[in-house]
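First the structure, in the form of structure tokens, and then the observations on it.
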């Protein structure tokens, strides 16, 4: 080996060492940026899933409100009947409705399985306004309440035969 070559090799080793350090620094920076991008992606995905979950909860609550309203509308305990047994559509018999609240309290577990946590109110708007709460099971803690309304005829034979009022059924479900 010649004396000049050794000096040249030392210079190459120093240069390759610096080059290796620069390469290593670049690699670390790329990996760091990669993980930062993955972190941003994970945060974005989490927020998207959170919003999606809340929307799904609202959909399920609205669906349960409609189901509960439908169950109430076709409940034989309050529906009007023509003559012997034919049910009148969208009609509540107020004589039955006044006593159904007692029935709901007496057989609480059966009707709880049917309506769950809800408040069901019959509101007459014509000819004389009044409100009758027929079912009320409110949970201790609730976050959302979804009301649904349905227009019904209110038959009241107690006032006079063939007497009909006009009103709505309000069903509020809780989550």
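The values are calculated or read from the model by the stated rules, or taken from the named source; none is laboratory data. Please read all numbers here as calculations on a predicted model, not as lab measurements. When we count neighbours, we look across all protein chains shown, and the Cβ atoms used for this are built from the backbone with ideal geometry, even at glycine.
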Subject >> Residue, nearest to residue 83 (Cα to Cα), within the stretch 150-159, restricted to residues that are in contact with a helix residue (DSSP H, G or I) (Cβ under 8 Å, 6 or more places away or on another chain) and assigned to a strand (DSSP E or B) >> reply: 155
**OP:** Filter the stretch 36-82 down to residues that are assigned to a loop (DSSP other than H, G, I, E, B) and without any contact (Cβ under 8 Å) to a residue 40 or more places away in the chain, then give me how many there are.
**Re:** 4
Original post:
Among (1) surrounded by fewer than 15 Cβ atoms within 10 Å (Cβ to Cβ); (2) part of a helix (DSSP H, G or I); (3) touching a helix residue (DSSP H, G or I) at 6+ places or on another chain (Cβ under 8 Å), where does residue 90 come up short?
Top reply: (2)
Subject >> Selection status of residue 130, modelled with pLDDT of 90 or more and more than 30 Å from residue 159 (Cα to Cα) >> reply: no
Original post:
Among the residues of the stretch 108-129, which ones are part of a helix (DSSP H, G or I) and either over 13 Å from residue 72 (Cβ atoms) or over 20 Å from the mean Cα position of the chain (by Cα) (or both)?
Top reply: 108, 109, 110, 111, 112, 113
**OP:** Answer yes or no: is there a residue in the stretch 58-66 that is surrounded by 13 or more Cβ atoms within 10 Å (Cβ to Cβ) and within 16 Å of residue 121 (Cβ to Cβ).
**Re:** yes
Original post:
Can you name the number of the only condition in (1) modelled with pLDDT under 95; (2) more than 28 Å from the chain's Cα centre (by Cα) that residue 50 fails?
Top reply: (2)
Original post:
Can you name every residue in the stretch 130-163 that is without any contact (Cβ under 8 Å) to a residue 12 or more places away in the chain and over 32 Å from the mean Cα position of the chain (by Cα)?
Top reply: 159, 160, 161, 162, 163
